[in-house]
Amino acid sequence: MELIVNLFGAIFTAAFGVWAFFKPHATAKLVGLVPKGKRGYSEIKAIYGGLNISLGSFVAWSQTPEVFQMLAIGYFGAAFCRSLSLWMDNAFSRVGIRFIVVEIVLGLCLII
């Protein structure tokens, strides 16, 4: 059962990357970015798309505790820094809180 939960986190990561790669406009809107021209959308495809596709795919393929933990630490780090940013920048929003919750849940899925 733990492996299924771990794999969910990895596959979700890769699937989000595929979505981000093919839907950069929607990804930009989701994360609150305003890309500048074609290069901006290329960056969204590379970072939100390519990075998530490669990380999620490798973790799902290797299925070792260390790589599941590595991706979990990445999600926990993102949640921590997002929390600090929301506080430091006085930028609290429902979307920001939702992202924190999703990052924590995915991190937990990956270390169960």
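Here are some notes:
- Label-to-label distance, residue 5 versus residue 69, with points set 7 angstrom from Cα along the beta-carbon direction: 1.7 nm.
- Potential lengthening between residue 30 and residue 88 on full extension [0.36 nm per residue; Cα-Cα distance subtracted]: 18.7 nm
- Shape of segment 2-111, Cα gyration tensor, a/c cut at 1.5: oblate
- Maximal additional length on extending the residue 38-residue 54 stretch stands at 3.5 nm, based on 0.36 nm per residue less the C-alpha distance.
- Those chymotrypsin sites (Phe, Trp or Tyr not before Pro) in segment 65-112 that DSSP places in a loop and that have at most 13 other beta carbons within 10 Å: 92
- Full extension of the segment from residue 46 to residue 15, taken as 0.36 nm per residue of separation minus the current Cα-Cα distance, would add 9.7 nm.
Every read-out reported here was derived from the displayed coordinates using simple, explicitly stated rules and does not represent laboratory data. What you are looking at is a predicted structure, and each value in this text was computed from that prediction instead of being measured. We place every Cβ from the backbone using ideal geometry, glycine too, and count neighbours over all the protein chains shown.
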